[in-house]
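> Submitted below is the structure of interest, expressed as structure tokens.
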Amino acid sequence: MPDMDGYEACRNLQANAETKNIPVVFVSSKNQKADHMWGKMQGAKALIGKPYTPEQILETLRAFG
């Protein structure tokens, strides 16, 4: 994303009353425990590390369904 990173986008979604209930899931090559914690601090519901499987994506999305 040329104008902002995913963390900033997540913060913007969380700050907006119309979008704050949208569950944000990061898919990132950053997959350390600190990365998961930082993502959640920004408002993300989950972080899926790369490489990932389709099953991981579906399982994570089902948790919010």
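> Give a quick list of GluC sites (Glu not before Pro) in the chain that DSSP marks as loop, anything other than H, G, I, E or B, with at most 15 other Cβ atoms within 10 Å.
Values: sites: Glu8, Glu18, Glu55, Glu59; in loops: Glu18.
Qualifying residues, ordered by number: Glu18.
> Going Cα to Cα from Lys30, which aspartates and glutamates come in below 18 Å? Please leave out same-chain ones fewer than 8 positions away.
Asp5, Glu8
> Relative contact order of the chain: what whole-number percent is it, with Cα pairs under 8 angstrom and at least 6 residues apart? Let's see the in-between values first.
Numbers: 59 pairs, mean separation 19.4, N = 65.
This gives 30 percent for the chain.
> Also, quick follow-up: What Rg and what Dmax come out for the chain when only alpha-carbon atoms are used, in angstroms?
11.9, 33
> How many nm is it between the label spots at Asn16 and Gln56, if each spot is 7 Å from the Cα in line with the beta carbon?
With each label point 7 Å from Cα toward Cβ, the separation is 2.8 nm.
> Hey, another quick one. Excluding Lys50 itself, what net charge comes from residues whose Cβ is under 15 Å from its Cβ, given Lys and Arg +1 and Asp and Glu -1? List each step's numbers first, then the result.
Values: positive: Lys30; negative: Asp35, Glu55.
Cβ neighbours under 15 Å give a net charge of -1.
> Go through the chain and name the chymotrypsin sites (Phe, Trp or Tyr not before Pro) that are in a DSSP coil and have 13 or fewer other Cβ atoms within 10 Å of their Cβ.
Details: sites: Tyr7, Phe26, Trp38, Tyr52, Phe64; in loops: Tyr52, Phe64.
Here the sparse-neighbourhood loop sites are Tyr52, Phe64.
> Let me check I've understood the local charge: for Gly39, count other residues with C-beta under 10 angstrom from its C-beta, Lys and Arg +1, Asp and Glu -1. What total comes out? Before the final figure, lay out each step's value.
Values: positive: Lys30, Lys40, Lys45; negative: Asp35.
Net charge around Gly39: +2.
Read the figures in this text as sums done on the coordinates, not as results from a lab. Fair warning: this is a prediction, and the values are worked out from it, not measured in the lab. When we count neighbours, we look across all protein chains shown, and the Cβ atoms used for this are built from the backbone with ideal geometry, even at glycine.
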